[in-house]
Amino acid sequence: MNVLVVNCGSSSIKYSLFAMGEGGSADVLASGIVERIGEAGSRIRHEAAHATDVRDVTAPDHQTAFALVVEALTRGPAAAISELARIDAVGHRCVHGAERFAESALVDEEVIGAIEACVPLAPLHNPPNLIGIRAAMALMPDVPHVGVFDTAFHQTIRPHAFLYAIPYDLYTEHGIRRYGFHGTSHRYVSQVAAAMLDRPPAETNLITAHLGNGCSITAVRGGASVDTSLGMTPLEGLVMGTRSGDIDPAVIFHLMRTLGMNVDQVDDLLNRRSGLLGLSGVSNDMREVIRAAEAGSRRARLAIEIFCYRLKKYIGAYTAVLGRVDALVFTGGIGENSADIRGRTCAGLQRLGYVLDADRNAAAHGSRDVAAAESPIRILVIPTDEEAMIARDTARIATGGA
Ligand code: ADP
C-alpha cells in the first residue's frame, strides 16, 4: 500500500510518498516540497531514491501545486510510481484539532467542518491545512484521506494541567486552555523509547524533549501525555528559534502601554523576533548560534545558556509530575544532533537521576542510549519521524483499523 503524506502550509506543500509494509514498516519512495505557492519564484524540489528534480514552476494556488506534485511523482526523471492510481491513501498533517480530535480521523465533510471550527485557535495553520485537504481530495477523490493532528496526543492531559488560572468561563465558552503541539513527534519517540527500554508503553514513564525550530517537552505516563510545555498556541514553554516561550503576560501590557506597540507588533515580536534570534541577535538556527558563541559572541553564549536553563527547569518540573521517570528522550534537529546542548542541559541533574556518559553523548547517530551505565534514568537520543507516524496512522485508518 502506498501512502502520500502531506504537510500543507500557507505557501508550501511538503510531501512524502511511503510504501507501507508488513509490521508497520514505512519506506520512503519519494519526498519533496513546493515552495512559494501563490508568489513569484515558485519551485518544486522532488527527490526519489535514484534522482532529484529541482525546477522553477508556476504555482498560483495549492490545487496547481498538488498537480505538480502528482506530476513529479508519476513522470519525469525522479518518478516513483507509474500513475496516480498507485496512491492508496493520503495522510494530512493538521495542526489544531482542539478537543474534537484525540485520534487521527478519516476525513469527511463533518471532519472538515470540525477542522474549520478550530480555525480561531490556529488562524495561521488550520486554513492552509484545509486548503491542502480540499485540493488533494479534488485530485484524489476516490482514496481515503486521513487527518493527523499535532494536538491529538495531548488530549489525555487532565484539567489540572491544561487549565490556565483565569476565569473558568473562558475555557468553557472560548476553549482557552493548553492544547500542546508536536504530538505526533512525542508519540513517535515515546513508542520507540518503550521498545528500546523493552517495556510495554503502558508501563513506561518518559520525558520527551522535541527541540527543533519549535521546541516542546512532554511528560508521558504509561504511554499517555500528562503535561506539555506548548499551550493554547505554540508560543508557551521552552525557548525556541524565534519564539519567546514562557514570559510574564504583563510584559505584553507594558510593551503596549509604555512602548506604544499594537497587538500585531507584540505578536510579531514574541513569535518571530524572540527566542534564540532575539537573544543572540545572530540567528534562529542553533548551529549558527553555537558558531557565534564559539567565536566569542557574549549574547550567543547567553542565548544558549537560557535555552538550556529553561529546558532543565522543565525536566525538573516533569520529574516531579511523573514521580518515576524511566527515560529522558531528546529529539528534533537540536536534540538529535547537539551533544553540547544535551550536556549543558543534563549538567547538575545527576542527583535527580540523570547521568550522561560523555563519550556516548558525543558519539555518532541513530537511536541510542547516552546515559552512563549507573544512571538510574536512561537518556535516549531518538531521531523523530513524524511523516512515518502519519503514514502508519493513515494506513491503519484507511484499511478500517481502529
Ligand atoms: P523543524 O522544527 O523545522 O523540523 P529541525 O527539527 O530540523 O527543524 O531542527 C532545526 C534546528 O536543529 C536548528 O536550530 C538547527 O540549527 C538545529 N541543528 C541541526 N543540527 C545541529 C547540530 N549539529 N548542532 C546544533 N543544532 C543543530
Cβ-placed point charges (K, R +1; D, E -1), dipole of segment 272-402 about Cα centre in debye, nearest 20: 580
Kindly report the accessible area of the chain per residue (heavy atoms of protein chains, probe 1.4 Å, no ligands, DNA or RNA), in Å². 44
Considering only 195, 102, 146, whose Cα is most displaced toward the positive end of the charge dipole of the chain, charges sitting on Cβ of Lys, Arg (+1) and Asp, Glu (-1)? 195
Distance between Cα centroids, segment 65-101 to segment 306-370: provide it in whole Å. 36
Positive minus negative residues near residue 234 (Lys, Arg vs Asp, Glu; Cβ under 9 Å): -1
Overall Cα dimensions of the chain - principal axes, largest extent first, Å: 58, 55, 48
For segment 229-299, the Rg and Dmax computed from alpha carbons only, in angstrom: 13.3, 38
Considering only 238, 85, 401, whose Cα is most displaced toward the positive end of the charge dipole of the chain, charges sitting on Cβ of Lys, Arg (+1) and Asp, Glu (-1)? 238
For segment 90-188, what % of the accessible area comes from carbon and sulfur atoms, probe 1.4 Å? 59
Where a label projected 7 Å from the Cα of residue 373 along Cα→Cβ would reach, residues of segment 327-354 with amide N under 11 Å: none
In segment 72-105, which trypsin sites (Lys or Arg not before Pro) fall in coil by DSSP and have 13 or fewer other Cβ atoms within 10 Å? 75
Within the chain, which complete DSSP H helices have Cα atoms spanning at least 24 Å along the helix axis and a mean Kyte-Doolittle hydropathy of -1.0 or higher? 298-322
Quote the Stokes-Einstein diffusion coefficient, in whole µm² s⁻¹, for segment 138-262, based on the Kirkwood radius over alpha carbon pairs, a temperature of 4 °C and a viscosity of 1.567 mPa s. 79
With all protein chains present, how much of the accessible area of segment 252-402 (probe radius 1.4 Å) comes from carbon and sulfur, to the nearest whole percent? 52
Of 63, 191, 350, the one that fluctuates the most in a GNM where the chain has Cα springs shorter than 10 Å: 350
Cα gyration tensor, segment 283-379 - rounded (a/c under 1.5), prolate or oblate: prolate
Taking N as the residue count of segment 30-140, its alpha carbon Rg divided by 2.2 N^0.38 Å gives 1.16
What ratio of Cα Rg to 2.2 N^0.38 Å holds for segment 1-63? 1.25
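The values are calculated or read from the model by the stated rules, or taken from the named source; none is laboratory data. All of these numbers come straight from a predicted model, not from anything done at the bench. Cβ coordinates were reconstructed from backbone atoms using ideal geometry, including for glycine residues, and neighbour counts include every protein chain displayed. For accessibility, only protein heavy atoms count, side chains too; no ligands or nucleic acids. Shrake-Rupley method; radii C 1.70, N 1.55, O 1.52, S 1.80 Å.
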